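Inspection log for the structure reproduced underneath, given as structure tokens.
The values are calculated or read from the model by the stated rules, or taken from the named source; none is laboratory data. Remember, predicted model here, so these are calculated numbers, not experimental data. Using ideal geometry, Cβ is built from the backbone for each residue, glycine included, and neighbour counts are taken over all protein chains shown. We work out accessible area using only protein heavy atoms, side chains counted, and drop any ligands, DNA or RNA first. Shrake-Rupley method; radii C 1.70, N 1.55, O 1.52, S 1.80 Å.
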Amino acid sequence: AQKVTQAQTEISVVEKEDVTLDCVYETRDTTYYLFWYKQPPSGELVFLIRRNSFDEQNEISGRYSWNFQKSTSSFNFTITASQVVDSAVYFCAVRAQKLVFGQGTRLTINP
Amino acid sequence: EAGVAQSPRYKIIEKRQSVAFWCNPISGHATLYWYQQILGQGPKLLIQFQNNGVVDDSQLPKDRFSAERLKGVDSTLKIQPAKLEDSAVYLCASGGSSGLSSYNEQFFGPGTRLTVL
């Protein structure tokens with residue numbers, strides 16, 4: 001069975017602060033994919049990143065960075081210099097047989 | 001490129017009524033998914049199609065939910081009869097392939113928000 005735990009239900013920070021969203025996953029499969037999605041108030045899920053289980057390189061895209069650590073089954077997401085537009089619910093997900101989402105973390109960036 | 005289209009965007013019904021949702025995937029995408037997202041939770045897969053065949057419907061409450069993708073393009077999801085606990089956002093997604101070895105990003109539509117009174 002697959003499972004994703006996002007322990008932080010809600011996070012609130014002031015603009016320009018750095019913030020890290022935690023994600024811990026469980027799967028018995030050796031081959032799997034990890035994802036992060038953003039869900040703004042409009043409701044649509046926006047794809048942010050995909051990582052396969054054999055690629056533990058960290059990735060940076062602008063203000064976003066991801067830290068994949070297989071040893072701790074974690075795939076954390078950091079936003080540097082946060083902006084109000086980053087306010088949304090963020091979902092981590094794992095896919096072996098099917099895409100399984102965590103409960104999400106509601107991120108609020110205050111001006 | 002047009003994204004995944006869904007309609008209606010909102011629907012309010014009373015319990016025991018029937019409702020249907022429609023999804024038009026991205027052109028050329030063979031795989032289509034329906035998810036249920038209850039308020040405060042992550043999306044949960046209900047059913048996955050590969051072309052017009054069902055790949056996974058293990059989490060679909062088959063006593064009241066049904067889905068079809070007759071021509072391998074558009075899909076409809078039906079609930080009959082609806083219960084209060086069916087209130088949720090129903091998301092449709094499409095992707096290029098369901099094979100694990102291939103790139104399998106899913107593109108999501110805007111969702112249909114269902115309220116059952």
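Things to note:
- Top of B:Ile26, B:Ile13, B:Ile79 by mean-square fluctuation, Gaussian network on chain B, Cα under 10 Å: B:Ile13
- Rolling a 1.4 angstrom probe over the protein heavy atoms with all chains in place gives chain A an accessible area of 49 Å² per residue.
- Modelled spin-label separation between A:Ser61 and B:Ile12, with each label point placed 7 Å from Cα along the Cα-to-Cβ direction: 3.8 nm.
- Zone residues, the stretch A:72-103, relative to A:Ser12, backbone N less than 15 Å from point 7 Å out along Cα-to-Cβ: A:87-88
- Solvent-accessible surface of chain B, averaged per residue with a 1.4 angstrom probe and all protein chains in place: 48 square angstrom.
- Theoretical FRET efficiency, 1/(1+(r/R0)^6), r = Cβ-Cβ of A:Gln83 and A:Thr30, R0 41 Å, to 0.05: 0.60
- Whole-number percent relative contact order across chain B, with pairs defined as alpha carbons under 8 Å at least 6 apart: 36 percent
- Relative contact order (%) - chain A, alpha-carbon pairs under 8 angstrom, separation at least six: 39 percent
- As a rough guide to protection, the peptides A:28-38, A:89-99 ranked by mean Cβ packing within 10 Å, highest first, stand as A:89-99, A:28-38.
- On the protein assembly as shown, 49 percent of the accessible area sits on carbon and sulfur atoms, based on a 1.4 Å probe.
- Here the stretch A:1-97 is assigned +1 on the Cβ of each Lys and Arg and -1 on the Cβ of each Asp and Glu. Its dipole about the Cα centre then comes out at about 280 debye.
- Average other protein chain Cβ within 10 Å of Cβ, residues A:93-104: 5
- Accessible surface buried by the B/A pair amounts to about 1800 Å², both sides summed, 1.4 Å probe.
- If you take the Cα centroid of the stretch A:28-50 and the Cα centroid of the stretch A:83-105, the two points sit 5 Å apart.
- For the protein assembly as shown, the share of alpha carbon pairs falling in successive 10 Å distance bins from zero is 8, 32, 35, 20, 5, 0 percent.
- Rounded to 0.05, the FRET efficiency of the A:Ala1 and A:Val46 pair, given R0 = 30 Å and the Cβ-Cβ distance, is 0.65.
- Simple rule: put +1 on each Lys or Arg Cβ and -1 on each Asp or Glu Cβ in chain A, find the dipole, and look at A:Asn67, A:Thr80, A:Tyr33; the Cα lying farthest toward the positive end is A:Tyr33.
- Between B:Glu85 and A:Asp22, the distance separating the two model label sites (each 7 Å from Cα on the Cα→Cβ line) works out to 3.0 nm.
- Average other protein chain Cβ within 10 Å of Cβ, residues B:34-45: 4
- Taken over the stretch B:21-117, the ratio of Cα radius of gyration to 2.2 N^0.38 Å equals 1.04.
- Burial of accessible area (probe 1.4 Å, heavy atoms of protein chains only) in the stretch A:26-73, relative to its chain alone, reaches at least 50 Å² for A:Tyr33, A:Glu44, A:Leu45, A:Arg50.
- Full-extension gain in nm, B:Ser27 to B:Gln59, via 0.36 nm per residue minus C-alpha separation: 8.9 nm
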